[in-house]
Every structure is written in C-alpha cells, then in structure tokens.
Amino acid sequence: MIHRFPVRVYYEDTDMGGIVYHANYLRFIERARSDWVRNLGNDQNAMRDAGLIWVVRRIEADYLAPAKFDEELLIETEVKRVTPARLTMSQQVFRGETELFRAEVTVVCVNAATGAPIRLPAEIRALL
C-alpha cells in the first residue's frame, strides 16, 4: 500500500534562489507520515495519552533534483519493514513523474515520560 500526500511549495519553503531549502523536504515527508498514520486509524493523541510516542530513529536521504516555489509535489510513503521494535518506510517526493527526493525513514515507539524505547504495540503492528 502506497500513501500519497500532495504538497504545494510556498515562498517560506524556499531559499533566496526560490529553491526548496534542503531541510524542508524533511518537513514535507513528516507531514506525509502524520497523514498516513492518521488515515490508518492510529490516533497519535491517544497514543501520547497512553504514554507512547513515535520518534524518528534514522533517516537516509538523497536529494535528486530541486523543487521550486509554487510547484505541486506528491509525497509517496510505503512500508518497507516492520519488526517488533521498528517501522521502516520509503518516502519519495515527486514533481509529476520526476523524483526529486527519496528517504528511508526508521521510526520507533518510546515511553513518553522516560524516552526509553519500547516494542511497537500489537494493535499498531496489525494496522501495518
């Protein structure tokens, strides 16, 4: 299953040359992951209230081509691996058919109070 999330590049997303600032791709893919998790039925507010939160453990990113002011982009998110403790996803940013950015993102659950890693809850693994 591939989740698709549209994004428009705003002026605030760009550098002086009108090119998307490199760190903003991380913001774009974060929004896409949050929307994907919400669409799966995983209530992150309820998770936090239960003492669990998602955190990014690792990101490997490749910048392939620039995005520019006012362009429409599409972020695709796909699960690659689920283990008892980790979820790894592939995320790609496209402008039309052109791939601009790709990342492999590993997230884990941690105890909200202590920050200690915990196993992914069974109900979350079942959603994936």
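FYI, it's all coordinate maths here, none of it is from the lab. These numbers come from a predicted model, not from an experiment. Cβ atoms come from the backbone with ideal geometry, glycine included; neighbour counts cover every protein chain shown.
What the table below lists for this structure:
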| read-out | value |
| --- | --- |
| In order through the stretch 121-128: 3J(HN,Hα) via Karplus (6.51 cos²θ - 1.76 cosθ + 1.60), integer Hz, x for Gly, Pro | x, 4, 5, 6, 4, 5, 5, 8 |
| Karplus-derived HN-Hα couplings along the stretch 55-65 (A = 6.51, B = -1.76, C = 1.60, θ = phi - 60°), whole Hz, x at Gly and Pro | 9, 7, 9, 7, 9, 10, 10, 10, 9, 9, 7 |
| Table column - 3J(HN,Hα) (Hz), the stretch 112-120, Karplus curve with 6.51, -1.76, 1.60, x for Gly and Pro | 4, 7, 10, x, 6, x, 9, 5, 5 |
| Within the chain: Cβ-based charge dipole about Cα centre, in debye rounded to nearest 20 (Lys, Arg +1; Asp, Glu -1) | 600 debye |
| Estimated FRET transfer efficiency (ALA46, MET1; beta-carbon r; R0 22 Å; 0.05) | 0.50 |
| Placed amide H near LEU52: partners under 5 Å, 5+ positions off or other chain | ALA112 |
| Angle between the chain longest axis and helix 22-40 axis [Cα atoms, degrees, rounded to 10] | 50 degrees |
| Listed residues PHE94, GLY18, ALA116: farthest to the positive end of the dipole of the chain (Cβ charges) | ALA116 |
